Amino acid sequence: MAYGKQWQTVMEDGTVVTRSNTWSPPGSHPVGYGVKVVTKDGELIRIEGDDDNPITTGRVNAMNLALREYTYAPERIIYPMKRAYEDRGKDKWVRTTWDEAMDTICEKVRYFQETYGPESIVCFGGTGREACIFYYALTFSVLQSPNCCYTQSGWSCYGPRCSISDYVLGAGYPELDYAGHLPGSYDDPRYTLSKWVVVWGKEPLPSNGDGFFGHCLVDMMKRGTKIISIDPRITWVGAHNGNINLQVRPQTDTALALGIMNLMFETGEYDHEFAENWIYGLDEIKARAAEYPVEKVSEITTVPVEDIKRVAHIIGTERPIGWAWGLAFDQNKNGVQLSQAFIVLAALAGSIDRPGGLTLGPPSALLGKWRMEQRGAMDDEVWSKRIGAAAWPGLSTGMATTQPDETLNTMETDEPYALKMGWFNSSNFLTPTCSAQPKRWHKALQKLEFVVVQDITMTPTAMAVGDYFLPMATWAEHDGIVLTHYGRNTVFMGPMNKALTVGECKSDVEICLMFGQRLNPSWWPWYKPADGKSLDLEALQTAVEDFYSDQLKELGFDWKGFQELGLYQPGAHGFEYEKYEKGLLRFDGQPGFNTITGQIEAYSILYESWGEDPLPYYEEPNYSPISKPDFAGQYPLITTSGSRRYSSFHSEHRQVPSLRQIDPWPWVQINPETAKEYGITDGDWVEVYNMFGEARFKAEITPVMKPGILNCAHGWWFPEQDGEEPNLFGVWKSNFNSLVPHFNVGKLGFGAPYKGVMCNVRRVRSLDQD
Ligand SMILES: Nc1nc2c(c(=O)[nH]1)N[C@H]1C(S)=C(S)[C@@H](COP(=O)(O)OP(=O)(O)OC[C@H]3O[C@@H](n4cnc5c(=O)[nH]c(N)nc54)[C@H](O)[C@@H]3O)O[C@H]1N2
Ligand SMILES: Nc1nc2c(c(=O)[nH]1)N[C@H]1C(S)=C(S)[C@@H](COP(=O)(O)OP(=O)(O)OC[C@H]3O[C@@H](n4cnc5c(=O)[nH]c(N)nc54)[C@H](O)[C@@H]3O)O[C@H]1N2
Ligand SMILES: [Mo]
């Protein structure tokens, strides 16, 4: 089956093979594995990796291989459901129709808009599933509220990295150059293989974070690339021959970055030409870095002096250096400073927008303009009511959402106004995904008078507070576009081609098109149901295609044309390196970066205007045995959390037997020495606890952990347990985020210590017994 026009084929045995690209649901980031969806008589038979996809070359993750199980799981909800307000927390859901659900929900939306103002409605969204392209629009132009909330304390995922890239680099998300945008892949003459890749606070093989195809590291290692892994654990890529591991104490990376930078300035080993032409504040950053001599940095980070020196020398002298930066940058109170220091280091290494270094996205992203325009559906007065926006300009300039911690405060206090209606779109945040102090959120959410949940299965969140449940279609059940980095740096882009239908499930774009047509038709003109009211499936399919055709216009093709193209790689359509030299990064067409100074701002003009230190600096985290010596006896250990596994995407997939078999229970990784000290053996149930809360895990004793550091699982609930209140599928038993403090955020309102709080651990008999 060749790429191109033939994206769907009927085989001799009657099966239909649809070529597609994966996204969500079931969850994953837009990594876009090229796959073949095999169906027969409308039923999903299996998923196969597509060998012809030039990037993923047949590889596909376990969660997608299990799609048949996921699709037909008995727990899946495939019709709209509703429940009486007084039955919240009880399993008293009844089936309803889309027509009734739409009538009632639209009536409620209008009631809250008119009675309390549209700002009384809050929409909760989760990570970068396809939904994240649409929940901004759902909030701003369908519900016409300014309050779109991603609930992770300190917005601690990706948003900080992107905002800092906007503020100090003046470009979309910088991504490791693994030749994904070039049709010739690694052999394309425009490409040069990275000699070294610095993999920093990221574990891309299981995570494939935000569209970065993690297995490219394996491809690159096979061709000769070596890895510098900066991680408290020794990861799979770090463990390979010749690779270097800096096992940093959690949350101290900013000191390490400044220490490496200082060594490069001291030895003069850096790209002088690039630095002098393109870094603003070179003298100031040199002076700041000088405050981080290597011995002091070694003491803070617990990384040996010789290792730091070796890495500084490699970064300063070998070319090209690639970089992969991950979630540990965001889940960190010093994360804003870390991201700024990282960008400066990459600039000093001559990696910016050069082959084998970091690629940059152009200033206008596909679907980006449309997304930005959605705010225009509200007048300035309504927009100015966005929760936390005025108090946190450094967050609300980069992110169109509320400040998450402020949102909980608002719900608890009704200040500056009460929130009345909630809409959960791709968020199950009572499980230890997202919210810190989830019991406080649980209590606060009860105050919402009306709640709509869009999801796949009954979740603890839906069971606790949902009034209406709208069933979601998987990526194989709807048309859509997989967009790596959500358009901020489109390495490649692929169509999701609808291959089957299950029950009455609808995709996020379909739900926006349907509700938008009812609630704000001038902004949502695409859906034209025949009788003007009811669900018209044919009109809905046309609306989806017309919507995408409008978005794709600027690339010169429509939805059908995109399906026939099969894969869009910018390298085949005029991609250029060194865009800053060519006037391709700024809206005014001038050379330089899209910052105030036109340069990479090691000294940030914007930070200064917000009354913040313009340069990066390091502060000891608030909840560590060093900053809280009085508690160090009680909580002598540090725990990080949430490193990804092949078996689940956050709280999803716990109900899928083949995946649950891989990781049947929540786990905590402990170094053998530490385990011995605490009398813990492999497989024991343990409780990890601190001054904020406790959670239970099964011990995995492993030398990849540094002594004294734990690593706990996140996203655990037990779909097989009683779902009703107060058990809620056991959601409080292994809830790591009860150990994470509320509103302990860093610079600009970003960053919370999900990956590093002080704690203790003790053996218990089981998940439920002491
Ligand atoms: N299978 C699967 N894939 C996923 C997800 C999932 O749940 N499951 N979630 C998705 C989401 S939303 C995201 S944001 C991405 C995240 O994916 P990544 O960015 O890869 O992040 P993590 O896997 O959380 O952690 C990466 C590494 O950081 C290390 N680490 C912990 N604390 C520190 C520290 O203080 N400093 C340093 N330098 N390293 C530290 C951990 O040991 C771990 O190896 O994955 C996405 N992909
Ligand atoms: N301790 C700790 N906590 C963490 C992390 C950590 O590393 N450590 N990681 C954090 C990070 S980085 C993130 S991004 C958050 C993630 O937090 P969330 O994104 O809130 O993750 P989930 O709990 O999986 O909730 C998502 C829900 O959306 C549903 N869903 C899946 N796909 C779709 C879709 O396409 N459309 C719709 N409408 N629904 C869909 C799923 O079934 C699921 O119930 O968790 C954070 N929590
Ligand atoms: Mo995330």
Averaged over every viewing direction, what's the projected area of the C-alpha convex hull for the range 137-219? Give it in nm², one decimal, please. 8.3
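Suppose all protein chains stay in the model; what accessible area per residue would a 1.4 Å probe give for the chain, in Å²?
Details: 25650 Å² over 770 residues.
Accessible surface, normalised per residue, equals 33 Å².
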Of the convex hull enclosing the alpha-carbon atoms of the chain, the direction-averaged projected area in nm² is 30.7
Hull shadow area, averaged, the range 680-735 [alpha-carbon convex hull, nm²]: 4.8
Simple spin-label model, 7 Å along Cα-to-Cβ: THR702 to VAL764 in nm? 2.2
Check the straight Cα-Cα distances from LYS36 and name the lysines below 21 Å, setting aside those fewer than 8 residues away within the same chain. LYS5, LYS498, LYS560
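Normalising by the residue count of the chain, find the relative contact order in percent from Cα pairs under 8 Å and 6+ residues apart.
Working: 1775 pairs, mean separation 153.5, N = 770.
This gives 20 percent for the chain.
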The range 462-562 - percent of accessible surface contributed by carbon and sulfur, probe 1.4 Å: 51
With the charge dipole of the chain built from beta-carbon charges (+1 for Lys and Arg, -1 for Asp and Glu) about the Cα centre, the Cα from GLY633, ASN594, SER145 projecting farthest to the positive end belongs to GLY633
Checking a compactness column here: for the range 237-337, what do you get for Rg(Cα) / (2.2 N^0.38 Å), N being the number of residues? 1.09
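Can you give me the % of accessible surface on the range 8-71 that is carbon or sulfur? Probe 1.4 Å, all protein chains present, nothing else counted. Can you show the working numbers first?
Details: 1080 of 2260 Å².
Answer for the range 8-71: carbon and sulfur cover 48 percent of the accessible area.
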Provide the descending list of Cα extents for the range 629-764 along its principal axes, expressed in whole angstroms. 43, 39, 28
Cα-Cα pairs above 13 Å in the range 8-71: how many percent? 61
Would you work out what percent of the accessible area of the range 629-764, with all protein chains in place, is carbon or sulfur (probe 1.4 Å)? 53
How many nm is it between the label spots at GLU581 and GLU619, if each spot is 7 Å from the Cα in line with the beta carbon? 4.1
At 20 Å minimum axial length over the Cα atoms and a Kyte-Doolittle cut of 0.0, report the qualifying DSSP H helices in the chain, or say none. 253-267
Taking the dipole of the chain about the Cα centre (Lys, Arg +1; Asp, Glu -1; charges at Cβ), the one of ALA418, ALA275, GLY730 that reaches farthest to the positive side is GLY730
Please state the charge dipole magnitude for the chain, taken about the Cα centre, from unit charges on C-beta atoms (+1 on K and R, -1 on D and E), reported in debye and rounded to the nearest 20. 1000
What would the Debye equation give as log₁₀ I(q)/I(0) for the range 597-678 at q = 0.22, 0.25 Å⁻¹, counting only Cα atoms as equal point scatterers? -1.02, -1.16
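What dipole magnitude, in Debye to the nearest 20, does the range 629-764 give about its Cα centre under +1 on Lys/Arg Cβ and -1 on Asp/Glu Cβ? It would help to have the intermediate numbers written out before the result.
Numbers: 13 positive and 14 negative charges, 86 e Å.
Roughly 420 debye for the range 629-764.
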What distance in nm lies between label points placed 7 Å from Cα along the C-beta direction at SER609 and GLU306? 4.9
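The values are calculated or read from the model by the stated rules, or taken from the named source; none is laboratory data. Predicted model, so just to flag it, every value in this text is computed and none were measured. Counting neighbours? That spans all protein chains shown, and the Cβs are built from the backbone with ideal geometry, glycine included. When the accessible area is computed, the model is the full protein with side chains, heavy atoms only, and any ligands, DNA or RNA have been set aside. Shrake-Rupley method; radii C 1.70, N 1.55, O 1.52, S 1.80 Å.
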